[in-house]
Amino acid sequence: MDRFDHAFTALGQRINGLTPPERPASAPVPLASLIDRVNAAKRLYQQGVRR
């Protein structure tokens, strides 16, 4: 094994040993809110077509 292989293997082992950062759990978005956002976007799009 040459120096490159050794360094690459060591780097791979270090990466595999890392733990992913903790993400705070966000509250789920209510389905009604998502539907309202989609409907608002559709209205804006339809208004833009008429221009």
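Values in this text are rule-based calculations from the coordinates and carry no lab data. These numbers come from a predicted model, not from an experiment. Ideal geometry is used to build each Cβ from the backbone, glycine not excepted, and the neighbour counts take in all protein chains shown.
Things to note:
- Angle between the chain longest axis and helix 31-50 axis [Cα atoms, degrees, rounded to 10]: 70 degrees
- For region 2-47, with +1 on Lys and Arg beta carbons and -1 on Asp and Glu, the positive-most of Leu18, Ile35, Phe8 along the dipole: Ile35
- Using only side-chain charges placed at the Cβ, +1 for Lys and Arg and -1 for Asp and Glu, the dipole size of the chain relative to its Cα centre rounds to 600 debye.
- Highest-first packing order for the peptide set 4-15, 19-30 is 4-15, 19-30, based on the mean count of other beta carbon atoms within 10 Å.
- Per-residue HN-Hα couplings for region 20-25 [Karplus 6.51, -1.76, 1.60; θ = phi - 60°; Hz; x = Gly/Pro]: x, x, 6, 9, x, 6
- Computed extension length for Ala41-Asp5: 7.7 nm, one decimal, from 0.36 nm per residue of separation with the Cα-Cα distance subtracted.
- Rule-of-thumb Rg ratio for the chain [Cα; 2.2 N^0.38 Å; N residues]: 2.51
- Near Ile35, once Lys and Arg are set to +1 and Asp and Glu to -1 for all other residues with Cβ below 13 Å from its Cβ, the sum equals +2.
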